1. Can you tell me which residue within region 87-124, out of those that are within 22 Å of PRO75 (Cα to Cα) and of a type in the set (S, T, N, Q), is surrounded by the fewest Cβ atoms within 10 Å (Cβ to Cβ)?
2. Got a sec? Which of GLY10, GLY24 is crowded, with 21+ Cβ neighbours inside 10 Å and assigned to a loop (DSSP other than H, G, I, E, B)?
3. Restricting attention to region 72-93, which residues are of a type in the set (A, V, I, L, M) and outside any helix (DSSP H, G or I)?
4. Taking the condition of being closer than 25 Å to LEU93 by Cα, part of a loop (DSSP other than H, G, I, E, B) and of a type in the set (D, E, K, R), how many residues in region 27-70 meet it?
5. Of everything in region 142-170, what is loosely packed, with under 11 Cβ neighbours inside 10 Å, modelled with pLDDT of 90 or more and aliphatic (A, V, I, L, M)? Give them in sequence order.
6. Based on what the data block shows, is SER76 surrounded by fewer than 16 Cβ atoms within 10 Å (Cβ to Cβ) and either of a type in the set (A, V, I, L, M, F, W, C) or out of contact with any helix residue (DSSP H, G or I) (no Cβ under 7 Å at 6 or more places or on another chain) (or both)?
7. Looking at LEU82 and the list (1) in contact with a Leu (Cβ under 7 Å, 6 or more places away or on another chain); (2) free of Cβ contacts under 8 Å to residues at least 24 places away in the same chain, which single condition is not satisfied?
8. When you go through (1) exposed (fewer than 15 other Cβ atoms within 10 Å of the Cβ); (2) in contact with a strand residue (DSSP E or B) (Cβ under 8 Å, 6 or more places away or on another chain); (3) closer than 20 Å to PRO75 by Cβ one by one for GLU127, which number turns out not to apply?
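The values are calculated or read from the model by the stated rules, or taken from the named source; none is laboratory data. A quick note: this is a predicted structure, and the numbers were derived from the prediction, not measured. Counting neighbours? That spans all protein chains shown, and the Cβs are built from the backbone with ideal geometry, glycine included.
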Amino acid sequence: MMVSITGTPGTGKTAVSSVLRAKGYNVLAQNDTIEKYILEKDEERDAIVIDEDLWADEFPAVDGIIEGHITHILPSERVIVLRCRPDVLEDRLRKRGYSAVKVKENVLAEALDTILIETVECHGDEEILELDTTSAAVEDTAAMIDEFIKGLRPAHFGDTDWSEFLGYDL
């Protein structure tokens with residue numbers, strides 16, 4: 001079974017995936033799979049632009065977890081969307097040294113539910129689990145994901161509302 005762990009940068013995908021890897025899951029990082037799909041480096045946004053459609057079309061099915069901020073476009077059997085309150089996310093991204101433009105873009109994407117909406121558009125309303133990582137321990141989040149993968153936790157999403165942050169000044 002292929003499982004995607006997705007979310008805005010800074011929501012905890014890599015940290016949670018490390019815990020799941022330690023539990024024995026096969027975990028693949030999105031960034032380790034995209035090199036041949038890079039179209040350009042966007043210096044202004046401090047980002048790379050990839051051919052997402054071609055990447056998704058050519059992505060070989062894996063038995064395990066693929067983690068990254070665009071993995072929700074893959075044909076996974078289950079998708080976990082990690083979320084983080086925008087003000088906390090802003091702090092996390094600034095501590096990573098992200099540029100002001102990149103911080104603002106990602107915080108706005110989180111406030112607008114961008115990745116959750118894209119996930120629902122790609123997968124319908126089945127087998128999606130949305131988890132708020134704002135104050136959750138990495139190990140607890142990993143345990144919930146483990147339960148979801150094993151079918152012991154039902155799919156659930158749509159309760160996270162960061163709309164109050166849409167007027168938030170960065």
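1. Filtering first and then ranking leaves THR114.
2. On the way: GLY24 fails: crowded, with 21+ Cβ neighbours inside 10 Å.
Checking each option against the conditions leaves just GLY10.
3. Let us first name the residues in region 72-93 that are of a type in the set (A, V, I, L, M), namely 73-74, 79-82, 88-89, 93.
Passing the criteria: LEU74, VAL79, ILE80, VAL81, LEU82.
4. Count: 5.
5. The answer is LEU152, and nothing else.
6. no
7. (2)
8. Every condition holds for GLU127 apart from (1).
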